[in-house]
1. Work out from phi, with θ = phi - 60° and the Karplus expression 6.51 cos²θ - 1.76 cosθ + 1.60, the ³J(HN,Hα) of each residue of segment 294-303, listed in order in whole Hz, and give x for Gly and Pro.
2. What are the semi-axes of the equivalent ellipsoid for segment 8-114, taken as the square roots of 5 times the Cα gyration tensor eigenvalues, largest first, in whole Å?
3. In whole percent, what relative contact order does segment 266-361 give with Cα contacts below 8 Å and a gap of six or more residues?
4. Could you give the size of the charge dipole of the chain about its Cα centre, using +1 on the Cβ of each K and R and -1 on the Cβ of each D and E, expressed in debye and rounded to the nearest 20?
5. Label segment 218-279 by shape, choosing from rounded, prolate and oblate, from the square roots a ≥ b ≥ c of the eigenvalues of the Cα gyration tensor; if a/c is under 1.5 it is rounded, and otherwise prolate applies when a/b is larger than b/c, oblate when it is not.
6. Could you work out the relative contact order of the chain? I mean the mean sequence separation of Cα pairs under 8 Å and 6+ apart, divided by the number of residues, in percent.
7. Please report, in whole Å, how far the alpha carbons of segment 304-354 spread along each principal axis, starting with the longest.
8. I need the phi-derived Karplus couplings for segment 52-58: 6.51 cos²θ - 1.76 cosθ + 1.60, θ = phi - 60°, integer Hz, Gly and Pro marked x.
Amino acid sequence: MKRSQTATLFSCLFLIGAAEVIAGPMMGAMSADFGVRSSAIAYLPAAYGLSYGAVALVAGPLSDRWGRRRPLLAGLLGFALLSASIPSAPHLLAAIVLSALAGVCAAVVQPNSLALVADESPPAQVGRRLGQVFIGLMLAFVLTPVLAGRLADTWGWRSAYYAMAALAVLAALAVARNFTDRVPAAHAHMDFLATHREALKTPGARRRLSASYLWLGWVAGFGAVVAEVASRKLSLSPTDTGLLAGFYGLAVIAGNLASGKLQRVFGEAALPGAALVAAVGLLGFMLPVGSMTQLALLGLPWAFGYGCAGPLHHARLSALSERCRGTINSYHASLLNLGIFSVSFALGTIAPRFSMTVFCGLAGVVTLLGACLLLPWPGRKARTAAA
């Protein structure tokens, strides 16, 4: 896999992550323009994640049969158009619809991007290349809140969406230049439903895909709203909430970079161990804090554990089946974004009625249950080894 190809797919995942968290530090500014409470802005990433999750189930199997490049190009260009349209929405409902349609495009982008990594890399390098590409997703959680918060304070929140749309156009141009159409031969004669059946029968797939929703989806979803959680626990400006979310993003990247070493040191225990750390760290947000520094330190276990376990979970899923790689990735993307939707919806529902302690407790319990699915279950050693 060439460096230019890696950089292109890195950019694609960056955009997908950026769309998940861009509204976080700007909820106050956006709510003032739309005339709603700030927590209602959480319905934008919720709609994005819900539509993403629904459409990804179709995008992956189709890419296994018909190729990756053209759907990826269409997804990026549609994403750019819809992102540029959100600032012109006359009311919140219209913005939510546009965000949902952007999620449809994102559902085409991520499974095809992940499948291209495996298609273009030797088998021995797939895990390493996936880790490199996923840094783009993690970096989005660092840079997007910081830059979006700064843009909101300087030129208004709309400028952040215009910038994201421009980056999507550049990514589409890079895809057109660096990739050619290639249909995976393994699925040339397999029908759509057979592709789904084979993917779900893959040993270890259903348990790990359940963790994609219960653990990774809720952990990542919390990252999409952590700026709003912080602003409710402490009175912070958009710039400060963006900086705090960016700090957590740096911790996520540090975990991402450390995941390979942890895997070598702890073996199969690295994934469930890091997942449990993230879940327990999320429960830590229930504790009272008096300063931005305290809140930053309190969230470190969540962010670092998420960064460590996320790439390991992605790599395990991609290695389950070469034949159904795109389909399994589509299920994973669907469930991951269903989790993001669930968290955003929970925040929008719980925040007006209860404290942030209730919301953080709910998210922590769900992620703890999901992390337990990644533990080696007694009597399933053979399946664990295969997965």
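1. 4, 5, 4, 5, 5, x, 4, x, 4, 5
2. Working: eigenvalues 147, 29, 25 Å².
Working through the eigenvalues yields semi-axes of 27, 12, 11 Å.
3. On the way: 65 pairs, mean separation 31.7, N = 96.
In percent, rounded to a whole number, it is 33.
4. Working: 29 positive and 13 negative charges, 192 e Å.
Roughly 920 debye, rounded to the nearest 20.
5. On the way: a/c = 4.07, a/b = 2.35, b/c = 1.73.
It comes out prolate by the Cα gyration axes.
6. Details: 727 pairs, mean separation 107.3, N = 387.
Across the chain, relative contact order equals 28 percent.
7. Here the Cα extents, ordered largest to smallest, are 47, 25, 8 Å.
8. Calculated HN-Hα couplings, in order: 4, x, 6, 7, 4, 4, 8 Hz.
Every number in this text was worked out from the coordinates using simple rules, so none of it is lab data. Just so it is clear, the structure is predicted and the values come from calculations on it, not from any experiment. As a convention, Cβ positions derive from the backbone with ideal geometry for all residues, glycine included, and neighbour counts pool all protein chains shown.
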